[in-house]
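J.: Questions regarding the structure given below will be posed in turn.
The values are calculated or read from the model by the stated rules, or taken from the named source; none is laboratory data. No experiment lies behind these values; they were computed from the predicted model shown. Cβ placement follows ideal geometry from the backbone for every residue including glycine, while neighbour counts extend to all protein chains displayed. The area values use the complete protein model at the heavy-atom level, side chains included, leaving out ligands, DNA and RNA. Shrake-Rupley method; radii C 1.70, N 1.55, O 1.52, S 1.80 Å.
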Amino acid sequence: MSTKPRVDFFYSPQTRAGGTLILLEELNANYDLHVLNMKEGEQRGEAYLAINPMGKVPAIVHDGALISEQVAVFLYLADLYPEAGLAPPIGDPLRGPYLRWMVFYASCFEPAVVDKAQGHPPAPQAMCPYGDFNTMMNTLLAQLDKGPYLLGDRFTAADVLWGNALSWITKFGLVEATPRMQQYIEHVAAREGTKRAHAREAELAAA
Ligand SMILES: N[C@@H](CCC(=O)N[C@@H](CS)C(=O)NCC(=O)O)C(=O)O
């Protein structure tokens, strides 16, 4: 019998939860997939709100605890399946940069992209969580230049997060892909776990 931990995963196709599906495949995790039909508003139904009062995906439940918010879900899962080697452990010199780039995504990149997409003027630079759009973007691009992966030679869960997010965001035309960014997106997308997750997502979206 497998001793691998098992998680419940709350998901809807073509949402932020797609990144978590890729990560679960990359980790070879044990998971039960719960698909929410957002067209029917299932994420706002009583049953799901009792699990995640935010009515958002992705979310996972493990050992009775809810973990919501994409980056928290990523950090939790990558640590839960250490045999996959996608999370530099505490004590590894890459642990700090790994946490930095995970949190940079949620605290700088996403708010910047959402402000841009909605045409919201950013808050004054000193108060704005991402400073200003160009500084945030140039900081990311300089890091990508250190590649092939975000943290250099080592592929981590941060690449699953960023590879997928950059792919979506450039497809939506919210950010223009530089040649290096495009190369990074393709490099990450070529992985077997990522391909499996994309195939599964396509099936689920069609259903
Ligand atoms: N802060 C959340 C945001 C998640 C989020 O906004 N998910 C969207 C899908 S991309 C959602 O569940 N929307 C459904 C709704 O709000 O009704 C995270 O980082 O995971």
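J.: What whole-number value in Å² describes the accessible area per residue of the chain for a 1.4 Å probe?
T.: Per residue, the chain has 51 Å² of solvent-accessible surface.
J.: Along Cα→Cβ, 7 Å out, is where each label goes; now give me the distance between the ones at THR135 and LEU174 in nm to one decimal.
T.: For THR135 paired with LEU174, the spin-label model returns 2.1 nm.
J.: Stretch LEU49-ASP145 to full length: gain in nm at 0.36 nm per residue minus the Cα-Cα span?
T.: 30.4 nm
J.: While we're here: Assuming R0 = 25 Å, what is the FRET efficiency of LEU33 and GLU186, from their Cβ-Cβ distance, to the nearest 0.05?
T.: 0.40
J.: Long-range amide H contacts for ALA59: which residues qualify at under 5 Å (H placed 1.01 Å from N, peptide plane, sequence gap of 5 or more or a different chain)?
T.: Hits under the 5 Å cutoff: PHE10.
J.: While we're here: GLY85's amide H: which non-local residues (gap 5+, or another chain) put their own amide H closer than 5 Å, with H modeled 1.01 Å from N in plane and none for Pro or chain starts?
T.: Residues meeting the criterion, in which the H sits 1.01 Å from N, do not exist here.
J.: How high is the FRET efficiency from ASP8 to LYS195, r the C-beta distance, R0 22 Å, rounded to 0.05?
T.: 0.35
J.: Another question, then. For a quick check: with amide H placed at 1.01 Å from N, whose amide H comes under 5 Å from GLY152's, ignoring anything fewer than 5 positions away on the same chain?
T.: The list, which skips near neighbours in sequence, is empty: none.
J.: Picking from ALA158, ALA47, ALA29, which is most flexible by a Gaussian network model of the chain using Cα springs under 10 Å?
T.: With Cα springs under 10 Å in the chain, the top fluctuation among ALA158, ALA47, ALA29 is at ALA47.
J.: Here's another thing I want to ask about it. Checking understanding here: applying a Kyte-Doolittle mean of at least 1.6 and a length along the axis of at least 18 Å (C-alpha), which whole DSSP H helices in the chain pass? Walk me through the numbers on the way to the answer.
T.: Details: long enough: 157-171 (21 Å, 0.47); 192-206 (21 Å, -0.99).
Both cut-offs are met by no helix.
J.: Of all accessible surface on the chain at a 1.4 Å probe, what whole percent is carbon and sulfur?
T.: The value for the chain is 56 percent carbon and sulfur by accessible area.
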